[in-house]
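One structure below.
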Amino acid sequence: MSGTPSGSPLLSERLLGQHALVTGAGTGIGRAIALRLAGEGASVSLLARNQTRLDETVTEARASGASGLLHAMSCDIRDADAVVDCLGTAAGALGPFDIVIANAGIGGSNGPGFQSADEPDRFHDLVATNLTGTYHTFRAAQAHLRPKEVAAERGGRRHMVAIASILARIGVVGYSGYCASKSGIGGLVRALAAELAAEEIQVNAVAPGWVDTDMAREGLEGMASGMGITVDEAHALAMKDVPLGRMGQPEDVAGLIAWLVSKDGHGVTGQTIDMNGGAFML
């Protein structure tokens, strides 16, 4: 935990004085979210399994001129007791949470059931991480949210946001575990949004499509290998299904979340917001 020196100017000050928790903040979308919220003035607690990558995110945030406090700690969201301990420590270090971003997750296929001792079915691990881990995060965070009256006096709300996926909307062969885990997030946020509305806690999900991350690159490599084509050809093929014709960037998702948890997002709750370049339209 430490303060950050002055550097480049903040993107804005709309999250100044707020405390945000971001899980999976060591890489990809999670890192971009942590950097964006810190850049808008929030103090940020960063969780992930890999402490080294978390430390790299903290270093980048400081170099970008983040003004709030930063607190990074290793935590496995599959372990409910560990999550309770980590969130209690984070709240003790930086104060009550205003914003909780449950981003941590894993990807990849799980195959059509148990394969072999060397290649087990990953269904349970995918669900335990992506869905149950999100639930652990939200429930543990409830005990450490800023009191409603204090939040109201400060002119803010409390927010919980989960990261879902376009695969919550569509099915993909071999991805039953990932699709199920991300689909479950939609039901989770709707139920919690109804449950917590009286406390003025907004609960939502964001469902990105293709985003330029290590996970996406691994997916393209698998697609290329299975089809006998190059990764560049796999990328071009994937983009054919995206009307905007481009892969999203982690910063795109971070920008949407920064809006959602700001005063501009008041009144949005129980929603799964699709952000996929038009690849899926309701």
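We did not get these values from a lab; they are worked out from the coordinates using the rules stated. In this text, all values refer to a predicted model and were calculated from it rather than measured experimentally. Here Cβ is always computed from backbone atoms with ideal geometry, including for glycine, and neighbour counts include all displayed protein chains.
Computed per residue of the chain from DSSP H runs no shorter than four, each worth -39500 (n - 2.57), the mean residue ellipticity at 222 nm is -12500 deg cm²/dmol.
For the stretch 84-185, trypsin sites (Lys or Arg not before Pro) are listed when DSSP marks them as loop and at most 15 other Cβ atoms sit within 10 Å of their Cβ; the list is 154. The GNM of the chain, with springs linking C-alpha atoms under 10 angstrom apart, assigns the highest mean-square fluctuation among 174, 226, 41 to 226.
Here is the short version for the chain: 179 have no other Cys C-beta closer than 4.7 Å. Electrostatic bookkeeping for residue 269 treats Lys and Arg as +1 and Asp and Glu as -1; over the other residues with beta carbon under 12 Å from its beta carbon, the sum is 0.
If I take R0 = 41 Å and measure r between the Cβ atoms of residue 121 and residue 259 in this structure, what FRET efficiency does the formula 1/(1 + (r/R0)^6) give, to the nearest 0.05? That pair, residue 121 with residue 259, gives E of 0.60. What the phi angles of the stretch 198-212 give under the Karplus curve with 6.51, -1.76 and 1.60, with θ = phi - 60°, is a coupling list of 4, 8, 6, 9, 8, 10, 9, 10, 10, 10, x, x, 5, 10, 6 Hz, glycine and proline written as x. In summary, the helical segments of the chain meeting the span-like criteria, namely a full DSSP H run, a Cα extent along the axis of 15 angstrom or more and a mean Kyte-Doolittle hydropathy of at least -1.0, are 28-39, 80-94, 176-196, 214-227, 250-260. Put simply, the amide H of residue 207, placed in the peptide plane, has neighbours under 5 Å in 164, 273, 274, 275, leaving out anything fewer than 5 places away on its chain. Across the chain, the mean sequence separation of Cα contacts (distance under 8 Å, 6 or more residues apart), normalised by length, yields a relative contact order of 18 percent.
Summing Lys, Arg as +1 and Asp, Glu as -1, what charge do residues with Cβ under 15 Å from the Cβ of residue 238 carry, residue 238 excluded?
Result for the neighbourhood of residue 238: -3.
Values of log10 I(q)/I(0) for the chain across q = 0.15 Å⁻¹ run -1.12, by the Debye formula with one identical scatterer at each alpha carbon and no solvent.
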